[in-house]
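Contents: one structure, followed by commentary.
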Amino acid sequence: MNSQQRYQAFQRFQERNPNPTTELEYNSVFELLIAVILSAQATDISVNKATIILFKKFNTPEKILKLGENKLKEYIKTIGLYNSKAKNIIKTCEILINQYNSTVPDDRISLESLPGVGRKTANVILNTAFGHETIAVDTHIFRVANRLGLAIGKNVLEVELNLLKNTPKEFLKNAHHWLILHGRYICVARRPKCEECFLTDLCDYYKQHNK
């Protein structure tokens, strides 16, 4: 894709979905943080099923810390890697209370210092909660960016940096959500639904496979 085609692609995303957002359900930045930690190697649907019950009673660092690791596990045991996630969430709550006045920080270094929060999770929080122009590259975005030709890269960091460089500034804030939804529902891993896609005339993958 050249720069003009990339602009066209994002323009089409915007026309179809002017206000995209995460499919994780949350009512505060703290809830979003916990949901994103839980979503690692798990579906948003499975996370939402657990957090809708958890957050009714335990939706602050203090309340989850008081709940304790073992009882927290009971709420999240349907989610993959729940043992390590419970441990990380309890430690994160302690740090938020002791170092950040129970408030989720809005800078990358502070976020990445929290247990269970890596670069991708930090980017999701910065973008979704605080409106930063960041792109959190997961398996969906990695696949879509490479297939379409929006940003070619051999690893997630390479794709992230190339997306930040290649995405027109006016689309940066929403690019993360558009790409993840496209990868989740249209440009799926095994058999991409090219017949449903509105980007085939711009797509490198489609051109290669439909010569």
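The values are calculated or read from the model by the stated rules, or taken from the named source; none is laboratory data. Fair warning: this is a prediction, and the values are worked out from it, not measured in the lab. Cβ atoms come from the backbone with ideal geometry, glycine included; neighbour counts cover every protein chain shown. With ligands, DNA and RNA removed, areas are computed over all heavy atoms of the protein, side chains included. Shrake-Rupley method; radii C 1.70, N 1.55, O 1.52, S 1.80 Å.
Things worth noting here:
- Distance between region 102-148 and region 19-61 - C-alpha centres, whole angstrom: 15 Å
- Probing with 1.4 Å while keeping every protein chain in the model, the per residue accessible area of the chain equals 52 Å².
- The chain - Rg and Dmax from Cα coordinates, angstrom: 18.3, 61
- Dipole check for the chain: with +1 at the C-beta of Lys and Arg, -1 at the C-beta of Asp and Glu, and the Cα centre as origin, the magnitude is about 560 Debye.
- Cut-off 10 Å between beta-carbons: net charge of the residues surrounding residue 192, Lys and Arg +1, Asp and Glu -1: +3
- Here the relative contact order of the chain, from alpha carbon pairs under 8 Å that lie six or more residues apart, stands at 20 percent.
- Helix-only [θ]222 nm of the chain, DSSP H runs n ≥ 4, -39500 (n - 2.57) each, per residue, nearest 500: -18000 deg cm²/dmol
- Considering only 26, 75, 100, the mean-square fluctuation computed in a Gaussian network model of the chain, springs between alpha carbons under 10 angstrom, is largest for 100.
- Between helix 119-128 and the chain: long-axis angle, C-alpha atoms, 0 to 90°, nearest 10: 80 degrees
- Net charge, residue 148 excluded, C-beta distance under 12 Å - Lys, Arg +1, Asp, Glu -1: +3
- Student exercise, region 137-197 dipole from Lys, Arg, Asp, Glu Cβ charges, in Debye to nearest 20: 120 debye
- Distance distribution note for region 1-101: the fraction of Cα pairs above 24 angstrom is 34%.
- The value of relative contact order for region 100-145, using C-alpha pairs under 8 Å at least six residues apart, is 26 percent.
- Angle between the chain longest axis and helix 29-38 axis [Cα atoms, degrees, rounded to 10]: 80 degrees
- Counting Lys and Arg as +1 and Asp and Glu as -1 over every other residue whose Cβ lies under 12 Å from the Cβ of residue 86, the net charge comes to +4.
- Charge dipole magnitude, Cβ of K and R +1, D and E -1 - region 91-211, Cα centre, debye nearest 20: 500 debye
- Each label was represented as a point 7 Å from its Cα along the Cα-to-Cβ direction; for residue 102 and residue 41 these points are 3.3 nm apart.
- Paramagnetic reach from residue 63 in region 96-118 [backbone N under 19 Å; point 7 Å along Cα→Cβ]: 96-98, 101-105
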